[in-house]
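Remarks on the structure that follows.
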Amino acid sequence: RLGYNYFTGPLFRPLSANLRGIRLASNDFEFDVSIVLEELSSLEVVDLQTNNIKGTIPSTIGSLSNLKLLNLDNNELSGSLPSSIGDLPIISDMRLSQNHLTGLVPTEVGMLSLLYLLSIGENHFHGTLPSTLGRLTNIEYFIVRGNELTGTIPTELGNWKQASEFQRKST
């Protein structure tokens, strides 16, 4: 755990392929996110929030079958969220807010049955929320504020019996 310091520069290499967690939150690291998400297949925890991490979330993210926590909040990520995000079988906490992500919210997010927190606010997602999000029956926190979403809120979200916070307001 090297978080909450003033570390700068690129990510040190080589990284162990057996690394289960990487917690470098709140530093000033600058590297492409694919270095972590493509090369470290055993990861369970990725907490890289509040750095200067760039690049796009690679489609290979779905191969991180042990991933439980993905926190990439407050970075410089761009591009769309790949549909392979729905291939993360045990993820429970996904935080991607305050980046430059674009495109539609993938319908495959609705396949993340253990997800209790989904934070994708303050990006540039557009279009409507997919009705498949109604399958997220464990969701407690759903944050989409500050995007370019339109249309109506899917009635399927009424299946969310656990939800205690739903933030959708545009800022």
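One line per residue, one yes/no per condition, for (1) under 11 Å from the mean Cα position of the chain (by Cα); (2) aliphatic (A, V, I, L, M); (3) in a helix (DSSP H, G or I); (4) under 16 Å from Glu122 (Cβ atoms):
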| position | (1), (2), (3), (4) |
| --- | --- |
| Asn52 | no, no, no, no |
| Gly62 | no, no, yes, no |
| Ile90 | no, yes, no, no |
| Ser97 | yes, no, no, yes |
Filter result (surrounded by fewer than 21 Cβ atoms within 10 Å (Cβ to Cβ), of a type outside the set (S, T, N, Q) and more than 24 Å from Leu2 (Cα to Cα)) within the stretch 59-93: Gly62, Gly79, Pro82, Gly86, Asp87, Pro89, Ile90
Which numbered condition Leu96 fails, given (1) open to solvent by less than 60 Å² (accessible area, probe 1.4 Å); (2) modelled with pLDDT under 95; (3) not acidic (Asp, Glu): (2)
Selection within the stretch 8-31 - under 17 Å from Glu76 (Cα atoms), open to solvent by less than 90 Å² (accessible area, probe 1.4 Å) and in contact with a Leu (Cβ under 9 Å, 6 or more places away or on another chain): Leu11, Leu24, Ala25, Asn27, Phe29, Phe31
Matching residues, the stretch 115-171, being of a type outside the set (D, E, K, R), assigned to a strand (DSSP E or B) and at pLDDT below 90: Phe166, Gln167
Positions within the stretch 72-123 being out of contact with any strand residue (DSSP E or B) (no Cβ under 6 Å at 6 or more places or on another chain) and among the hydroxyl-bearing types (Ser, Thr, Tyr), in sequence order: Ser83, Ser84, Ser92, Thr107, Ser113, Tyr116
Test: residue in the stretch 9-19 that is closer than 23 Å to His124 by Cβ and either among the aliphatic types (A, V, I, L, M) or touching a strand residue (DSSP E or B) at 6+ places or on another chain (Cβ under 6 Å) (or both): no
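The values are calculated or read from the model by the stated rules, or taken from the named source; none is laboratory data. Given the structure is predicted, the values throughout are model-derived calculations rather than measurements. Reconstructed Cβ throughout: ideal geometry from the backbone, glycine too, with neighbour counts over all protein chains shown. For the accessible areas, the whole protein counts, side chains as well, though only heavy atoms, and no ligand, DNA or RNA atoms are used. Shrake-Rupley method; radii C 1.70, N 1.55, O 1.52, S 1.80 Å.
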